[in-house]
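The numbers here are math on the coordinates, done by the rules we state, and not lab data. Just so we're clear, the structure is a prediction, and the values are computed from it rather than from any experiment. Note: ideal-geometry Cβ built from the backbone for every residue, glycine included; neighbour counts use all protein chains shown.
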Amino acid sequence: MRIEIRQLLQRGAHINIIGDSLAAGAGSSGSWKTDKVILCDGEENFMRRIAPNSWWGSFETYLKDKFPGCTLENNGCGGASSGQLRNGIEQLFCEDRDDIIFLFFGANDRKRENGMQELRDNLSWMIRFFREKGKEMVVFTPTPSTVMNEAYVNRLYHMEDVANIIIDVAEKEGVLLADNYNYIMEYLLFSGKKIDEILFGCDCSNDGCHPADAAQLLIYRNLLKTLGLSPKIDGAVWR
């Protein structure tokens, strides 16, 4: 799976990111929502977000440096559930253009009464949908939230529940998994830092759910690791 994706990158692939606000890079500094509608479900319009300091902004910079023939489009829909993304898949996907699909959603399903079963069903359906189209995929788990954020009354499930479902589906369906949840939990364990230290940051949303720049960098780094790509050393910071 990794080698097939790297071969596509070398040939100049178009990457389509489909997901929620975590996919869109909400929480990073300098991000903003445009007036471009990328999904309309009849009740709500979901707008494109620009996020240069997000995980995907860093990945796009990496692509321009290492794989200049590649292009990236972010169709992260802030607030969307897996069901809304599944129902609107024809608005988010172009079969003739998209080569690699990143699926990064699930956090909003924890607020739904039957959210984890819906997430399992919808993610499985989407993986099979894109497999039938001959597309390579990467599935992402969400980042952890703070203890305070997880305590909100509408959190019927928690981020670890979301991550467990996504890991299970990815393994059963045999697709590449970028496990952000456990990557960041391990980082916290070995660095001795608290989750609040990397989810809060200057000019960021600081809501305990959407990652600030430090956590965005970890998502980006985990993506490179997942794809088998090596980061560039730039002074004291890897990129």
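Results, tabulated for the structure shown:
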item: Selection count, the stretch 124-154, where residues are on the phi < 0 side of the Ramachandran plot and either assigned to a helix (DSSP H, G or I) or free of Cβ contacts under 8 Å to residues at least 24 places away in the same chain (or both); result: 16
item: Where a residue in the stretch 36-47 is on the phi > 0 side of the Ramachandran plot and its partner, wherever it lies, is surrounded by 13 or more Cβ atoms within 10 Å (Cβ to Cβ), with Cβ under 6 Å and at least six apart; result: none
item: Hey, LEU103 part of a loop (DSSP other than H, G, I, E, B), out of contact with any Ser or Thr (no Cβ under 6 Å at 6 or more places or on another chain), aliphatic (A, V, I, L, M) and under 27 Å from PHE200 (Cα atoms) or not; result: no
item: Flag if GLY106 is in contact (Cβ under 8 Å) with a residue 12 or more places away in the chain, closer than 17 Å to MET137 by Cβ and of a type in the set (Gly, Ala, Ser); result: yes
item: Members of the stretch 180-230 that are out of contact with any Gly (no Cβ under 9 Å at 6 or more places or on another chain), part of a loop (DSSP other than H, G, I, E, B) and in contact (Cβ under 8 Å) with a residue 12 or more places away in the chain; result: CYS202, GLY208, GLY228, LEU229
item: Selection from the stretch 7-53 of residues that are assigned to a helix (DSSP H, G or I) and either in contact with a strand residue (DSSP E or B) (Cβ under 9 Å, 6 or more places away or on another chain) or surrounded by 15 or more Cβ atoms within 10 Å (Cβ to Cβ) (or both); result: LEU8, LEU9, SER21, LEU22, ALA23, ALA24
item: Yes/no for GLY69 being on the phi > 0 side of the Ramachandran plot, of a type outside the set (D, E, K, R) and surrounded by fewer than 17 Cβ atoms within 10 Å (Cβ to Cβ); result: no
item: Residue count, the stretch 164-175 (criterion: closer than 17 Å to LYS225 by Cβ and surrounded by fewer than 18 Cβ atoms within 10 Å (Cβ to Cβ)); result: 1
item: Flag for GLU171 being part of a helix (DSSP H, G or I), more than 18 Å from the chain's Cα centre (by Cα) and among the acidic types (Asp, Glu); result: no
